[in-house]
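Student: So that we are looking at the same thing, I have put the structure below in structure tokens.
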Amino acid sequence: MTATVLAPASDPPTTPETSRPASPRRRQRLNVHRTLASVVIWLIVIVQVYPLAWLFITSIRTEQDFASGNPFALPTEITFDNYVRAFETGNLGLNILNSLIVTLGSNLLIVLLGMMAAYALQVLGFRLSRFVRALFLIGIIVPVQIALVPLFIDYSSVDLLDTYQSMIIPLAAFSLPMSIYLFSSFYEYIPRETYEAASIDGAGPYRIFGQITFPLSVNTIVTVVLVNSIFIWNDFIFANTFVLSDGLKTIPLGLQNYIGAMGNVDWTATFAAVCVTITPLLLVFLVLNKAMIYGLESGATKG
């Protein structure tokens, strides 16, 4: 009978990085870099968060406390009367409704037109598709101010002044170039075999768009909607140019109602109104920020 000798288990291969520990000097440099990175991140967070915190704190101060005391100090008395006065002084509820209508209408056009244009340029393709895409991208550098006078003249001739459409159309048009770029970049990331397999199964371009492209574009749609909503919600130029009546004023125009006689401003009520108007965007961004980040990565980096 022969004895079987088991060979000892071989150790995993070692590399120069794993065979020797990091030197104390290298560990010290890494710790310094991590500390500096943490300090920079905290500074950025403080710079971004402090104005919002100061805005909310000021909105719950009394008028006398804000006028007589240090505007950057903590409130000596907390009151929520500023929020009540914010709704009573101006048409804040109507302004929010108008901004909501304009934002939803503009985003609907941006998503539908942007997706269809990117689908035609990137997926269907045609001879001059790259040239047309370049023309759309040129629109990113076009300033909105150059279109105010021509649009005002055209709106006057077709009776579109002082309507929701007068704000929705230019806001959607100037947001389309970046949206088309994000959508087309994401469609470039989708494998061509997916479309070829659907075509072999008998699916036409409209069915492919509705059943394949659209469901895969959810994160990119969220990104496009959030990015454009910030611009549209805070728009002042188009609203101030094309809106003539108080009934269609959006939030940026409505904040002018808090300016009283001789230019006096009810600051605490104004800050309360600003807090009310920025809260929806903050909540939506906090809830959907992961989808937005993923959409930016898949639409820009991977494309």
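Student: Mind ranking 151-164, 266-279 by how tightly packed they are, going by the mean number of other C-beta atoms within 10 angstrom, highest first?
Tutor: 266-279, 151-164
Student: Ignoring trypsin sites (Lys or Arg not before Pro) that are buried or in helix or strand per DSSP, and keeping those with at most 16 other beta carbon atoms within 10 Å, what is the longest stretch of the chain between them?
Tutor: The answer is 128-301.
Student: Under Stokes-Einstein, with the Kirkwood radius over Cα pairs standing in for Rh, what whole-number D in µm²/s applies to the chain at 4 °C and 1.567 mPa s?
Tutor: So the translational diffusion coefficient is about 54 µm²/s.
Student: Pick out the long, greasy-scoring helices in the chain: whole DSSP H runs spanning 30 Å or more along their own axis by Cα, mean Kyte-Doolittle at least -1.0.
Tutor: Passing helices, by number: 24-59, 92-118, 164-189, 267-296.
Student: When you take every Cα atom in segment 163-232, what is the radius of gyration, and what is Dmax, the widest Cα pair distance, in Å?
Tutor: 15.1, 47
Student: Need the C-alpha centroid separation for segment 205-222 versus segment 91-141, integer Å.
Tutor: Centre-to-centre distance over Cα atoms comes out at 15 Å.
Student: For the chain, which whole-number percentage of the solvent-accessible area (1.4 Å probe, protein heavy atoms only) is attributable to carbon and sulfur atoms?
Tutor: The computed percentage sits at 68.
Student: Please work out the FRET efficiency for the pair residue 129 and residue 196, using the Cβ-Cβ distance as r and a Förster radius of 25 Å; give the result to the nearest 0.05. Don't jump to the answer; show the numbers that get you there.
Tutor: Details: r = 18 Å, r/R0 = 0.73.
Rounded to the nearest 0.05, the efficiency is 0.85.
Student: Further question on the same structure: Set the Förster radius R0 to 25 Å, insert the Cβ-Cβ distance between residue 286 and residue 100 as r into 1/(1 + (r/R0)^6), and round the FRET efficiency to 0.05.
Tutor: For residue 286 and residue 100, the calculated efficiency is 0.85.
Student: Using only DSSP helix segments of four residues or longer, with each worth -39500 (n - 2.57), what per-residue ellipticity at 222 nm results for the chain after dividing by its residue count and rounding to 500?
Tutor: Working: 14 runs with 198 residues, N = 303.
Dividing the helical sum by the residues of the chain leaves -21000 deg cm²/dmol.
Student: Skip the ligands, DNA and RNA, and give the accessible area per residue of segment 138-296 with a 1.4 Å probe, whole Å².
Tutor: Numbers: 8260 Å² over 159 residues.
So segment 138-296 comes to 52 Å² accessible per residue, rounded to a whole number.
Student: Between residue 240 and residue 55, what is 0.36 nm times their sequence separation minus the Cα-Cα distance? Round to one decimal in nm.
Tutor: Working: separation 185, 0.36 × 185 = 66.60 nm, distance 2.47 nm.
Roughly 64.1 nm would be gained on extension.
Student: If you don't mind, another one. State, to one decimal in nm, how far the label point of residue 45 lies from the label point of residue 141, with both points 7 Å from Cα in the Cβ direction.
Tutor: Distance between the two pseudo-spin positions: 3.8 nm.
Student: Are there any chymotrypsin sites (Phe, Trp or Tyr not before Pro) in segment 19-122 that are in a DSSP loop and have at most 15 other Cβ atoms within 10 Å? List them by number.
Tutor: Listed in order of number, the matching sites are 72, 80.
The values are calculated or read from the model by the stated rules, or taken from the named source; none is laboratory data. Since we're looking at a predicted model, the values are computed, not measured. A quick note on method: Cβ atoms are made from the backbone with ideal geometry, for glycine too, and the neighbour counts reach across all protein chains shown. Areas reflect the complete protein model, heavy atoms only, side chains present, ligands, DNA and RNA absent. Shrake-Rupley method; radii C 1.70, N 1.55, O 1.52, S 1.80 Å.
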